[in-house]
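Take a look at the structure below.
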Amino acid sequence: MRPIDVTRSAARPGFGRPRLILAAVATIVIGGAVAGLWSHRDARRVRSIDTETSAGYVGDQACARCHSDVAAHYRGHPMGRSLAPARDTSIPENASQGERVLFKAGGFEYSVAEREGGVFHQETRRDVSGRLVARVEGRVGYVLGSGRRGLSFLIERDGFLTQSPISWYTQRAKWDLSPGYERRNAHFDRPVGESCLYCHANHANLTPGSVNHYETPIFQGHAIGCERCHGPGEEHSSRPSRVDGRDDTIVNPARLEPSLRDAVCEQCHLSGARRIPRLGRRDQDFRPGQPFQRFWTVLVPAEGAGGDRFVGQVEQMRESRCHAASQGRLGCVSCHDPHQSPEPGERQAFYRDRCLNCHADKPCSLANEVRLKQGPADDCVSCHMPRQRIVDVVHAATTDHRVPRFASGKPTVEPRATSPLLVPFHAFLMNDQERAGIDRDLGIAICRDGIEGAARAISKLEPALKTNHHDPAGWEAHAIALGELGRKGESLAAWREAVAQAPMSETATSGMAAAAQAVGDRELAVASWRKAVAIAPLRSEYRAGLASALFETRDWSGAATESRRALELNPADLETRQLLTRCLLRLGDQAAAREQFGVLLDFDPPDRADLLRRFPTLAPIR
């Protein structure tokens with residue numbers, strides 16, 4: 001197989017409230033031979049991976065000074081268009097016609113409005129007569145995605161990034177709820193954290209301890225840049241050193257041994273069932289040329305667990321006969337050019353050529369007329385990498401990277417429910433030291449998987465925390481697992497330890513607030529919720545938590561104030577609207593209570609009959 005030289009010029013064509021809060025915290029708490037062929041006899045192919053480089057990042061412009069052709073083509077690659085400011089992006093035409101409703105879902109209307117100051121996404125609720133009940137909107141700051149499969153949108157408010165509930169799905173040319181919103185609509189309140197942006201942005205400047213607040217400027221570069229795959233370029237751009245056509249001041253993934261070469265792609269394209277940063281690591285710590293397993297533990301269902309074991313493309317490729325037969329030499333860049341995507345009219349020929357690089361001596365066994373009848377384009381992919389719809393990704397499909405010899409005819413892949421039978425994807429690469437930390441990572445991964453998962457998590461985490469006491473993420477997971485088992489006092493103690501180790505941690509602070517409220521420590525609950533609100537004033541769930549804690553201290557006025565602030569951020573929070581109604585009744589404001597209760601009923605709550613029984617004096621007259 002002819003290798004794709006990933007350093008060459010790309011000019012050539014063809015290439016309950018406390019419990020709910022704890023659940024949210026838990027979700028937050030928890031990357032002729034084959035291309036890149038490596039020979040043990042050529043030690044110079046492997047860049048030193050044990051020495052932490054002191055070289056700094058210089059940005060794409062520095063790279064483009066010498067590699068202008070590659071840079072120009074890369075700007076058209078999906079990775080080169082992974083994130084952009086909204087002002088630099090054209091939204092699909094059918095969204096720019098005034099403020100018309102694009103779609104309806106779950107009783108809400110969704111629209112996009114362009115006016116002075118930018119593009120605004122809106123979510124509207126109306127009653128059965130069409131009367132406006134509530135509306136909330138957010139100004140789009142950034143567009144996420146290249147547009148090949150779709151576009152999602154980031155709302156930016158005072159440095160806080162949240163996801164819009166509105167997304168564009170290119171493959172079906174339609175607007176709909178953002179991925180995951182069909183199961184739980186987070187409205188405009190889903191935080192966009194560091195781990196999400198790691199795979200969609202070049203670099204984001206997260207405020208320490210925060211979930212989704214970023215220092216300005218938020219981004220250093222927008223789309224994924226050259227140095228994400230080639231490593232920091234300061235030394236290379238200032239003092240390049242080429243010997244026999246090679247330069248060891250920069251990483252060339254094609255010259256790395258297979259596992260290190262694959263890690264460059266896996267940092268973003270490998271997620272597994274759960275992906276946990278190793279102790280003391282952040283996503284940003286990874287540098288191309290270093291082993292993946294030192295930075296993340298990716299857990300996958302154990303073999304024989306049943307169901308669709310592998311959903312992701314990297315995992316599927318690893319399971320393929322092509323990968324096994326090549327003894328791991330086949331990797332992502334064997335088929336994909338990371339600098340340039342083939343034009344639509346060239347894709348079939350391009351990928352057929354990739355296949356024939358290995359299979360030229362044993363071509364398709366089908367007769368020409370049979371093969372062309374099945375696939376008139378005469379491409380290998382249509383038969384051996386059929387399109388699949390992944391259940392968790394609405395309106396989108398991908399190809400089966402297991403490269404089956406015979407297509408199964410199964411077009412839909414359903415991800416497995418999280419199983420306690422999880423194993424590390426890179427177990428075969430781990431040394432004893434790396435393997436020793438797996439129990440800790442597994443405990444974090446399964447801490448919220450019901451009673452059985454929580455019990456197993458505790459059995460993994462307790463020894464790990466004795467060995468490495470300073471582990472805020474480990475203590476948070478331990479606290480979550482204890483809470484799952486109803487061991488509230490012990491859970492609060494674990495949250496206290498997490499906060500002691502990371503005083504400005506948003507997740508630890510809000511977790512401790514919910515745990516304190518659960519055990520009836522009202523003073524600690526109020527103080528912790530206030531601190532969480534101070535850290536993240538635009539998180540509606542923190543203000544709702546504070547309102548609930550204040551209500552328990554009989555501070556009706558304070559609870560009403562925080563309830564209103566929470567509802568300004570998320571009008572669809574029916575639990576908080578009910579709490580506001582109760583506050584107003586305690587304050588003796590019957591008219592305001594009836595108004596809020598009417599809005600609550602206009603949202604058509606599932607417990608409508610029960611609410612009418614609980615608030616008989618507020619039953620609507622109309």
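The values are calculated or read from the model by the stated rules, or taken from the named source; none is laboratory data. Please read all numbers here as calculations on a predicted model, not as lab measurements. Methodologically, a virtual Cβ is constructed for each residue, glycine included, from the backbone with ideal geometry; neighbour enumeration extends over all protein chains shown.
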Check: Would you say Ala494 is more than 30 Å from the chain's Cα centre (by Cα), among the small types (Gly, Ala, Ser), part of a helix (DSSP H, G or I) and buried (at least 23 other Cβ atoms within 10 Å of the Cβ)?
Finding: no
Margin query: For the stretch 242-264: of the residues being charged (D, E, K, R) and more than 14 Å from Ser334 (Cα to Cα), which is surrounded by the most Cβ atoms within 10 Å (Cβ to Cβ)?
Written below: Asp248
Next item on the list: Would you please name the residue that is surrounded by the fewest Cβ atoms within 10 Å (Cβ to Cβ), looking only at residues in the stretch 429-468 that are within 17 Å of Gln293 (Cβ to Cβ), acidic (Asp, Glu) and at pLDDT 95 or above?
Entry: Asp439
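Give the residue, chosen from Ala592, Ala566, that is assigned to a helix (DSSP H, G or I), in contact with a helix residue (DSSP H, G or I) (Cβ under 8 Å, 6 or more places away or on another chain) and closer than 24 Å to Gly130 by Cα.
Exactly one residue qualifies, and that residue is Ala592.
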Next item on the list: Return yes when Gly141 is within 18 Å of Leu197 (Cα to Cα), in a strand (DSSP E or B) and out of contact with any His (no Cβ under 7 Å at 6 or more places or on another chain) and no when it is not.
Entry: yes
Item checked: In the stretch 551-565, residue nearest to Arg586 (Cα to Cα) [restricted to those that are of a type in the set (D, E, K, R) and surrounded by fewer than 16 Cβ atoms within 10 Å (Cβ to Cβ)] -> Arg554
Notebook entry, point to check: Looking at Glu116, is it within 19 Å of the chain's Cα centre (by Cα) and surrounded by fewer than 22 Cβ atoms within 10 Å (Cβ to Cβ)?
Noted result: no
Notebook entry, point to check: What pairs come up if the first residue lies in the stretch 276-288 and is within 19 Å of Gly474 (Cα to Cα), the second is crowded, with 20+ Cβ neighbours inside 10 Å and of a type in the set (Ser, Thr, Tyr), and their beta carbons are under 6 Å apart, counting only those six or more places apart or on different chains?
Noted result: Ile276/Thr297; Asp283/Tyr198
Check: Just checking, which of Glu484, Glu462, Glu452, Glu490 is closer than 19 Å to Ala525 by Cβ and not hydroxyl-bearing (Ser, Thr, Tyr)?
Finding: Glu490
Margin query: Being polar (S, T, N, Q) and not in a loop (DSSP other than H, G, I, E, B) is the requirement here; does Ser334 meet it?
Written below: yes
Notebook entry, point to check: Within the stretch 321-373, how many residues turn out to be in contact with a helix residue (DSSP H, G or I) (Cβ under 6 Å, 6 or more places away or on another chain) and of a type outside the set (D, E, K, R)?
Noted result: 11
Item checked: Subset of the stretch 251-274 [over 18 Å from Gln284 (Cα atoms) and assigned to a loop (DSSP other than H, G, I, E, B)] -> Asn252, Leu256, Glu257, Gly272, Ala273
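On the basis of being buried (at least 18 other Cβ atoms within 10 Å of the Cβ), part of a loop (DSSP other than H, G, I, E, B) and not assigned by TED's automatic domain parsing to the domain that holds Ala498, does Pro208 make the cut?
no
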